[in-house]
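Peer 1: The structure's right below; bear with me while I get my questions together.
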Amino acid sequence: MPAVLVFCEVQDNKLKKASREALSIGRKLAEGAGVDLVAFATDRAAAGDAGRYGAKRLYVAGTGSYNTETYTAAMQAAIERASASVVLLGGTSNGRDLAPRLAARLNAGVASDVDRLEWTGGKLRARRPVYSGKAFATVEIIGTPAIATTRINAFPAEESGGAAAEIVEIEAPLDSKTKVVETKVAESGELSIAEADIIVSGGRGLKEGANFSLIRDLAHAIGGAVGASRATVDAGWIDHQHQVGQTGRVVSPNLYIAAGVSGAIQHLAGMSTSKHIVAINKDPEAPIFRIADLGVVGDLFTIVPALTEEVKKAKAH
Amino acid sequence: MNSVVCIAQVPDTETRIKIGGDGRHIDETGIKYIVSPFDEYALEEAIRLKEKQGGDVTVLGFGPDRVQQALRESLARGATKAVHVNGDSGEADSLGIAKVLAAVIRTVPHDLVFFGKQGVGTDNSLVGPMVAELLGYPQINVVTHLEAAEGKVTAYREIEGAEEVIEAAMPAIITAQKGLNEPRYASLKGIMAAKKIVIETKSLADFGLADSDVLNQRVTVVSLELPPEKTGGRKIDGADPAAAAKEIVRYIKEEAKAL
């Protein structure tokens with residue numbers, strides 16, 4: 001019986017947000033096609049959460065921590081066992097590393113970084129950004145399984161309140177030509193723009209790298225990640241991991257606050273799908289105002305600190 | 001230490017994208033093509049390995065005539081050989097493209113095969129890992145640092161909030177992330193030297209592939225759209241920062257519901 005299989009990752013004993021989002025859209029697809037939603041993980045602890053998000057079964061392989069080859073083999077075994085016709089992976093680093101490997105192994109179609117998914121006319125249809133978000137392509141995947149990686153924050157995570165998923169143990173080969181020798185955790189422990197619900201971005205209007213402290217203070221106060229324009233990254237003011245837009249990331253947070261960002265086409269393309277956009281810029285003609293829901297024409301050096309104070313006050317209540 | 005670097009051509013980053021008449025492709029009129037930015041990091045790394053350890057850097061491109069220009073630029077920066085598979089790559093999906101590249105790579109001596117982590121055209125981030133699977137090679141993706149010697153490659157893979165240090169036996173696939181290195185510009189000497197290097201031009205048939213192998217797509221484009229024009233935004237005067245801050249917080253609380 002065909003099923004929708006969702007690749008799940010566990011962190012701190014719970015499912016990652018990306019996994020919960022993928023399960024949620026997976027459940028909608030499964031219900032639409034009249035098939036089961038099932039999940040895969042390498043940790044039995046996922047069974048409770050997976051069930052809460054609608055998965056009937058959790059396929060578990062004792063594969064240990066992420067390794068491209070062993071996870072490809074394990075997912076392949078799960079796909080066969082579940083007779084999965086659709087395979088979804090949240091767009092985490094591991095999901096994005098694994099999906100194309102799986103697709104090539106199974107001679108299957110795959111769409112990456114999708115923000116819309118539907119099962120229509122017996123095929124999986126997906127929308128994804130192209131040209132760094134300057135356009136969107138609607139694609140159809142032919143054959144089974146049809147594989148997709150979902151953009152984080154694009155699909156809401158919604159519980160359906162089911163019982164814990166039934167665990168099905170699967171076997172998979174453990175040989176691999178790669179070995180993770182060490183994991184160097186980033187010192188700052190900052191929230192990643194790829195996963196954040198709120199992003200506060202700084203642009204060239206900050207005038208110098210040290211002024212990113214204004215952005216960091218606001219991001220910290222509001223519980224968001226720090227984003228950056230390409231110009232600031234190229235100037236060496238901040239690391240490329242914060243870059244939004246072309247050669248950075250396409251992001252879809254709930255709230256995007258841009259301070260001193262003019263809104264070059266390459267930047268706009270990377271954040272235009274944000275649900276709520278606030279822009280602060282002293283130039284009333286700045287292109288960013290074309291897509292801002294709330295544009296504030298003024299001096300970021302006074303407005304951003306004032307905003308940080310107001311946010312702290314609002315949170316204190 | 002031989003490397004192959006797969007080069008993708010993409011529209012210049014300043015390009016305003018327009019949708020073509022068929023609603024499924026971009027309008028290519030007047031578009032200036034460049035080497036995909038992430039491929040530049042890949043190429044630079046391969047050239048640095050050649051400078052330290054000797055060997056060849058072969059750049060490889062699949063696509064129409066204009067791909068030759070991207071290969072010529074890469075030779076000018078320091079690649080030593082180039083192969084152009086001339087064909088209509090525009091209708092192929094990532095797996096189709098991967099099949100072509102894998103077939104070519106098998107004929108070129110290599111220890112490492114480099115890709116940019118994504119081509120900033122279709123932004124799929126799929127071809128590199130697919131080629132790795134087709135060749136049965138280990139892959140290390142989104143690489144920010146690399147060392148290669150004596151049959152082994154050690155690379156830093158960028159993941160959320162960390163870097164994994166990964167070792168793999170060569171031959172291996174590497175996809176390059178921004179920050180791996182600082183790509184060089186072509187020198188005049190390099191440009192002159194590149195003119196003398198013959199770009200090998202091949203067709204799919206030279207590798208035993210028929211159009212149907214490559215164009216038998218699993219993923220088809222139904223339509224291409226520009227992002228919708230945003231409406232309903234409003235602008236306020238920020239001359240009084242405290243008042244502006246209060247208004248922003250009101251918006252965030254009531255409309256974004258993020259406070």
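Peer 1: Failed condition for residue A:240, given (1) more than 8 Å from chain B (Cβ to nearest Cβ); (2) surrounded by fewer than 22 Cβ atoms within 10 Å (Cβ to Cβ); (3) closer than 25 Å to residue B:41 by Cβ; (4) in contact with a strand residue (DSSP E or B) (Cβ under 9 Å, 6 or more places away or on another chain), with all others met?
Peer 2: (1)
Peer 1: Same structure again: In the stretch B:153-183, how many residues are at pLDDT below 95, touching a Gly at 6+ places or on another chain (Cβ under 9 Å) and farther than 17 Å from residue B:6 by Cα?
Peer 2: Number satisfying all stated conditions: 2.
Peer 1: Okay, moving on. So which residues in the stretch A:49-73 are buried (at least 24 other Cβ atoms within 10 Å of the Cβ) and under 13 Å from residue A:5 (Cα atoms), if there are any at all?
Peer 2: Once the filter is applied, which keeps residues that are buried (at least 24 other Cβ atoms within 10 Å of the Cβ) and under 13 Å from residue A:5 (Cα atoms), the stretch A:49-73 yields A:50, A:53, A:54, A:55, A:58, A:59.
Peer 1: Which residue is surrounded by the most Cβ atoms within 10 Å (Cβ to Cβ), if the candidates are limited to the stretch A:268-286 and must be among the polar types (S, T, N, Q) and more than 8 Å from chain B (Cβ to nearest Cβ)? Spell out how you get there, then give the answer.
Peer 2: Going through the stretch A:268-286, the residues among the polar types (S, T, N, Q) turn out to be A:272-274, A:281.
Now narrow it down to the ones that are more than 8 Å from chain B (Cβ to nearest Cβ): A:274, A:281.
Numbers: A:274: 24, A:281: 27.
So the residue we want is A:281.
Peer 1: Which members of the stretch A:43-70 meet the condition of being within 14 Å of chain B (Cβ to nearest Cβ) and in contact with a Lys or Arg (Cβ under 9 Å, 6 or more places away or on another chain)?
Peer 2: Of everything in the stretch A:43-70, those that are within 14 Å of chain B (Cβ to nearest Cβ) and in contact with a Lys or Arg (Cβ under 9 Å, 6 or more places away or on another chain) turn out to be A:67, A:68, A:69.
Peer 1: Here's a follow-up. Specify the residue that is farthest from residue A:158 (Cα to Cα); the eligible residues are those in the stretch A:29-42 that are surrounded by fewer than 18 Cβ atoms within 10 Å (Cβ to Cβ) and either in contact with a Lys or Arg (Cβ under 7 Å, 6 or more places away or on another chain) or in contact (Cβ under 8 Å) with a residue 40 or more places away in the chain (or both).
Peer 2: Across the stretch A:29-42, the extreme among qualifying residues is A:33.
Peer 1: Identify, from the list B:205, B:193, B:186, B:176, the residue that is touching a residue at least 40 places away in the same chain (Cβ under 8 Å), more than 8 Å from chain A (Cβ to nearest Cβ), surrounded by fewer than 16 Cβ atoms within 10 Å (Cβ to Cβ) and among the hydrophobic types (A, V, I, L, M, F, W, C).
Peer 2: Values: B:205 fails: touching a residue at least 40 places away in the same chain (Cβ under 8 Å); B:186 fails: surrounded by fewer than 16 Cβ atoms within 10 Å (Cβ to Cβ); B:176 fails: surrounded by fewer than 16 Cβ atoms within 10 Å (Cβ to Cβ).
Unique residue meeting the criteria: B:193.
Peer 1: Could you check, for the stretch A:295-311, whether at least one of its residues is in contact with a His (Cβ under 9 Å, 6 or more places away or on another chain) and either crowded, with 24+ Cβ neighbours inside 10 Å or more than 7 Å from chain B (Cβ to nearest Cβ) (or both)?
Peer 2: yes
Peer 1: Moving on to the next point. When you scan the stretch A:1-106 for helices (runs of 4 or more DSSP H) that lie fully inside it, which ones turn up with 2 or more residues that are touching a Phe, Trp or Tyr at 6+ places or on another chain (Cβ under 8 Å), hydroxyl-bearing (Ser, Thr, Tyr) and modelled with pLDDT of 95 or more? Full working, then the answer.
Peer 2: On the way: elements: A:17-33, A:46-52, A:68-82, A:93-106.
Correct list: A:17-33.
Peer 1: Here's something else I'd like to know. Is it true that some residue in the stretch B:232-253 is over 28 Å from residue A:180 (Cβ atoms), free of Cβ contacts under 8 Å to residues at least 24 places away in the same chain, among the acidic types (Asp, Glu) and crowded, with 16+ Cβ neighbours inside 10 Å? Walk me through how you get there before you give the answer.
Peer 2: Initial filter on the stretch B:232-253 (over 28 Å from residue A:180 (Cβ atoms)): B:232-253.
From the residues that got through so far, the ones that are free of Cβ contacts under 8 Å to residues at least 24 places away in the same chain too are B:232-253.
After this cut, where a residue has to be among the acidic types (Asp, Glu) as well, the list is B:237, B:240, B:247.
Then keep just the ones that are crowded, with 16+ Cβ neighbours inside 10 Å; that gives B:247.
For the stretch B:232-253, residues over 28 Å from residue A:180 (Cβ atoms), free of Cβ contacts under 8 Å to residues at least 24 places away in the same chain, among the acidic types (Asp, Glu) and crowded, with 16+ Cβ neighbours inside 10 Å: present.
Peer 1: Something else about it: Identify, from the list B:70, B:79, B:98, B:103, the residue that is in a helix (DSSP H, G or I), farther than 18 Å from residue B:214 by Cβ and among the small types (Gly, Ala, Ser). Break it down stepwise before answering.
Peer 2: Working: B:79 fails: in a helix (DSSP H, G or I); B:98 fails: farther than 18 Å from residue B:214 by Cβ; B:103 fails: farther than 18 Å from residue B:214 by Cβ.
Exactly one of B:70, B:79, B:98, B:103 is in a helix (DSSP H, G or I), farther than 18 Å from residue B:214 by Cβ and among the small types (Gly, Ala, Ser), namely B:70.
Peer 1: Kindly indicate whether residue B:223 is within 14 Å of chain A (Cβ to nearest Cβ), among the hydroxyl-bearing types (Ser, Thr, Tyr) and under 30 Å from residue A:105 (Cα atoms). Spell out the reasoning first.
Peer 2: On the way: within 14 Å of chain A (Cβ to nearest Cβ): yes; among the hydroxyl-bearing types (Ser, Thr, Tyr): yes; under 30 Å from residue A:105 (Cα atoms): yes.
Taking the combined requirement at face value, the residue satisfies it.
Peer 1: Considering (1) at the interface with chain B (Cβ under 10 Å from one of its Cβ atoms); (2) under 30 Å from residue A:214 (Cα atoms); (3) hydrophobic (A, V, I, L, M, F, W, C), say which one residue A:154 fails and leave the rest.
Peer 2: (1)
Peer 1: For the stretch A:220-317, list the strands (runs of 3 or more DSSP E) that sit wholly inside it and hold at least 3 residues that are of a type in the set (S, T, N, Q) and at pLDDT below 95; which are they? Lay out the reasoning, then the answer.
Peer 2: On the way: elements: A:225-228, A:255-259, A:276-281, A:294-297.
Once the strands (runs of 3 or more DSSP E) in the stretch A:220-317 are filtered for at least 3 residues that are of a type in the set (S, T, N, Q) and at pLDDT below 95, nothing remains.
The values are calculated or read from the model by the stated rules, or taken from the named source; none is laboratory data. Keep in mind that this is a model prediction, so the values were computed, not measured. Every residue, glycine as well, gets a Cβ built from its backbone with ideal geometry; the counts of neighbours run over all protein chains shown.
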